[in-house]
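Participant: Below is one structure. I have some questions about it.
No value in this document is a laboratory result; all are computed from the given coordinates. Just so you know, these numbers come straight off a predicted model, no measurement behind them. Cβ coordinates were reconstructed from backbone atoms using ideal geometry, including for glycine residues, and neighbour counts include every protein chain displayed.
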Amino acid sequence: MWRENIEFCSADGSPMSPIEPGSDPLSGLELEGRFRLRSLLGAGGMGFVYLADHIGLGRDVAVKMLFAERLKDPSIVRRFRREARALAALDHPGCVRVLDVGEIEGTGPYIVMEVVKGEPLDTVLHEHDRLAARHVAHIGAQLADALAAAHAAGIVHRDLKPANVNLDSQDGKLAVRILDFGLALLATGGDDGGSTEARLTRAGMVFGTPEYMAPEQATSTDADARTDIYALGVMLYELATGLVPFRGPTPGAVLAMHSTSPVPPLVVPDISPDLSARFEALVHALLAKKPEARPQSAETVAAQLRLLEADLPDPGPASALLQPSAVVRVGGPATLDDADLDEAAKWVLLSAFSNAGQRCASGTRIIVFDAVYEQFRDMLVARTAGLRVGPGDDDDFGPVINAEQLANMLLALERARAHGARVLTGGARLTDDAHRGGFYLAATLVENAAPGDDMSTTELFGPIACLYRVKGFDEALAAANDSPYGLTACIHTRSVHRAMLFARKVAAGVAIVNAGTFGSEPHMPFGGVKQSGNGSREPGTEALDIYSNLKDVYINVNPARA
């Protein structure tokens, strides 16, 4: 197997093709009759990892191997073998366990590891924006324990970052484990030489971003255990604040900041000023520019973190970090995370059914996170069923515009049912005496509509909204952006990180936080993408006065929850 950016085979010049589902040439490959590769788990700059069967024991294992082009470098192969043996001797609960090593002619060396369950720390941080100070200290102490064991075995990670740390719940307690020792060790060392930028280019394929690299990693100075201690300091800063201490426009700029810029102040919310000062002092000590100014051992860091943890307020069990977060996403495209469900339901009803849903910015696609789907759905169904439909001032909404529009809506509902959709409430024309003279459709909620169904892809301009169930933020954002329309979107969340990420990445002209979907009237000119905006929806040159290429962002902050 070759890296993704290799287009032609170096041996015979034939074009390379990506591995597609069902066409993996390595799936089923047996290694020395002991391990059978099943499916690709992931890849980095130096190699790749497969889920595999341990044939003799009948258990799952992970097998790590080098990319084909790396096998052409004898120094890389030698170091891989040496480090594989060293890692196999490292037995600590905070480090991924290496179970076996081997080598096959033509395929090269491989490392067999345990399959790690749980969640990557970067995913947990993404879900929670930042972590409580006591949880940060708890996680940091376990990381320091694991680093101490590795350093005692002569192993320096040199690629410590949240993506290489895994969290799992064991017997109700949070277990922290460091991953990817082998490939990280391959990617660095004094024998690389070269300029800062050249070394960064090579290391970047393995290390990823340089936000966690110590100043000495930007020079020819060999990294040692204190390099890992610096990276741990970066992680503690990030876990407590949601941001890494140094950010810049280029990798070189970030490395320069590590070497020359003072560490930004660290003010930890929700704890007393004196505890925040202690937390900051410890993190700043770990982030000292010179290795000799940092704590000299991971054991020392672990002890200091445990003393701090004991004095910090208890926010609840750290294992709760792995519980799925309550996220809902609302509207035209819209998202809702760890939200006030009562507020979200209020805005959904206003977005979906005001003016009988006959607005270009009507919130008709409601994307709800799995953790709260049933709760939010049932709340929304009860409130939707209670809406009043009619021509009076006290009614919540009136009729649709004409018979043809009503017929189109009923036909779309019929097609959606035929494809497996379920109408939760409404779904029929109102024909009683009070509604006989108009084109009234009961407020309608639908679930299980297929992504390609008319219900999901067409603006019906009526009182119909669909619920879509997703597992997490990335899936919700992808569902929002997988739409022919991009006029307006909203998210309900208490997370500043998620709100800003949503506002930046959602494909809509108007991004709204903690409110409802709305259109052009209050805020012209505004943008719109795909079939919405930029003159493509409205006839005539007057549309050019309404739409622009700008994205408007509106944030509704409730001081009681801020």
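Participant: Going by a ≥ b ≥ c, the root eigenvalues of the Cα gyration tensor, does region 231-294 fall in the rounded group (a/c under 1.5), the prolate group (a/b larger than b/c) or the oblate group?
Facilitator: On the way: a/c = 2.52, a/b = 1.52, b/c = 1.65.
Here region 231-294 falls in the oblate category.
Participant: Which order results if I401, I271, I491, I367 are arranged by neighbouring Cβ count within 10 Å, fewest first? Kindly include the intermediate steps, with their values, before the conclusion.
Facilitator: Working: I401 12, I271 20, I491 34, I367 26.
Lowest to highest Cβ neighbour count: I401, I271, I367, I491.
Participant: May I pose another question? Given a cut-off of under 8 Å on Cα pairs at least six residues apart, what relative contact order in percent is computed for region 30-114?
Facilitator: Once normalised by length, the contact order is 23 percent.
Participant: Counting only residues 5 or more places away or on other chains, whose amide H sits under 5 Å from the amide H of A175 once H atoms are built in the peptide plane?
Facilitator: Those lying under 5 Å, H to H, from A175 are D168, S169, Q170.
Participant: Rounded, prolate or oblate, given the Cα gyration tensor of region 88-154, with a/c below 1.5 counting as rounded? Could the numbers behind the result be given before it?
Facilitator: Values: a/c = 3.60, a/b = 1.80, b/c = 2.00.
Taking the square roots of the gyration eigenvalues as a ≥ b ≥ c, region 88-154 is oblate.
Participant: Per the Debye formula with a single identical scatterer at each Cα and no solvent contribution, what log10 I(q)/I(0) holds for region 422-477 at q = 0.14, 0.24 Å⁻¹?
Facilitator: Computed log10 I(q)/I(0) values: -0.48, -1.00.
Participant: Same structure, new question: What does the charge add up to near E211, with Lys and Arg as +1, Asp and Glu as -1, over the other residues with Cβ less than 13 Å from its Cβ?
Facilitator: Numbers: positive: K161, R247; negative: D122, D159, E238.
Its environment carries a net charge of -1.
Participant: Separate question: How big is region 30-114 on each of its three principal axes, counting only the C-alpha atoms and giving the largest first in Å?
Facilitator: 34, 28, 22
Participant: Here's something else I'd like to know. What ranking do H419, H54, H151, H138 get, fewest neighbouring Cβ atoms within 10 angstrom at the top?
Facilitator: Numbers: H419 13, H54 16, H151 19, H138 23.
With the fewest neighbours first, H419, H54, H151, H138 line up as H419, H54, H151, H138.
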